[in-house]
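One structure is given below, encoded as structure tokens.
Any read-out appearing in this document is the output of simple, stated calculations on the displayed coordinates, not a laboratory observation. Predicted model only: the values in this text are computed from it and were never measured. Every residue, glycine among them, receives a Cβ derived from its backbone with ideal geometry; neighbour counts consider all protein chains shown.
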Amino acid sequence: MTEVAAVLEEAARTGAPCAPVRSLLPKADIEAAYAVQRLYVERGIAAGRRLVGRKIGLTSPAVQRQLGVDQPDFGALFADMAVPEGVPVASGLLLQPKVEAEVALVLGTDLPHRDPTVADLLRATAFALPALEIVDSRIADWDITIVDTIADNASCGLYVLGGTPVPLERVDLRSVTMTLTKNGETVSEGTGADCLGSPLTAALWLASTLAGLGDPLRAGDIVLTGALGPMAVAAGGDEFTAHIEGLGTVTTTFASAATEGAGA
Ligand SMILES: C=C/C=C(\O)C(=O)O
């Protein structure tokens, strides 16, 4: 496990993507891949990073098709991965960024049960927000299988949360429609139902999985529930806006090296 973690750390440190790590792991061993991810999380916490929640990945049939997998996964969200709206994503921070539009849930109470119900989840959720997940892969050309992405913290790079909290009484997350634009052009579309049937179903999967691992979701946690549509490639100078009906909009821009150099 430590060898795989070291390969991924080196890729992040140098900015040079590495070869797929699946050949270094027991064949298709998802538990081994999560063990690598746990090392990354434990090292982050030991270094003073604040764990603030989880992302769910591989929830949309479109993304599953893009990556050739058939099940969801999860990764860790640290506070230092959050980019406030209005602050450009610095150039050179990410290796191969892509953007996804998602529903974020913020919990008001713990979700300790292995068999949580929708009622438990609705009661536990303080509010929802529109969100952009900026996924990134430390593996060259995004040549990933499920074990590669799990070991690589579920390919999570950064995330942007919208600023207007919406209580769940006000929105039916299964039927929301999402449009993601890049520089004004639509690049991805989907609905709540495209996220494992509903963002709530995805969150229940995560709550149950983490409770089963003895590390349940806690009050205050942010849950990125998974892409509602295909991911879109990002480059310096791009602006992305997601509109999720009933939740509002969230926007981010990617600085280009040239504008950063000019102090823009
Ligand atoms: C490889 C990353 C996939 C996701 O983040 C997703 O499907 O939401």
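The table that follows gives values for the structure above.
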{"read-out": "Quotient of C-alpha Rg and 2.2 N^0.38 Å, computed over the chain", "value": "0.95"}
{"read-out": "R0 of 22 Å, Cβ-Cβ distance GLN71-ARG218: FRET efficiency to nearest 0.05", "value": "0.35"}
{"read-out": "Mean Cα-pair separation over length for the stretch 2-263, i.e. relative contact order, pairs under 8 Å, 6 or more apart, %", "value": "28 percent"}
{"read-out": "Beta bridge orientation in the chain: antiparallel %, DSSP, nearest 5", "value": "90 percent"}
{"read-out": "Descending principal axes extents, the stretch 125-256, alpha-carbon based, whole Å", "value": "41, 36, 24"}
{"read-out": "Helix-only mean residue ellipticity at 222 nm for the chain, each DSSP H run of n ≥ 4 adding -39500 (n - 2.57), per residue, nearest 500", "value": "-7500 deg cm²/dmol"}
{"read-out": "The stretch 78-114-the stretch 150-180 distance, computed between alpha-carbon centres (Å)", "value": "9 Å"}
{"read-out": "Placed amide H near VAL89: partners under 5 Å, 5+ positions off or other chain", "value": "THR253, PHE254, ALA255"}
{"read-out": "Ascending count of other beta-carbon atoms within 10 Å, so fewest first, for LEU224, LEU158, LEU95", "value": "LEU95, LEU158, LEU224"}
{"read-out": "Lysines whose Cα lies under 29 Å from that of LYS27, excluding same-chain neighbours fewer than 8 positions away", "value": "LYS55, LYS98"}
{"read-out": "Under-5 Å amide H pairs with PHE78, H placed in peptide plane, nonlocal only", "value": "VAL52"}
{"read-out": "Dimensionless Rg/Rh of the stretch 1-82 - Kirkwood Rh, Rg from C-alpha atoms", "value": "0.97"}
{"read-out": "Counted charge near LEU132, where neighbours are those whose Cβ lies closer than 14 Å (Asp, Glu -1; Lys, Arg +1)", "value": "-4"}
{"read-out": "Ranked list, fewest to most other Cβ atoms within 10 Å of each Cβ, for SER198, SER256, SER60", "value": "SER256, SER198, SER60"}
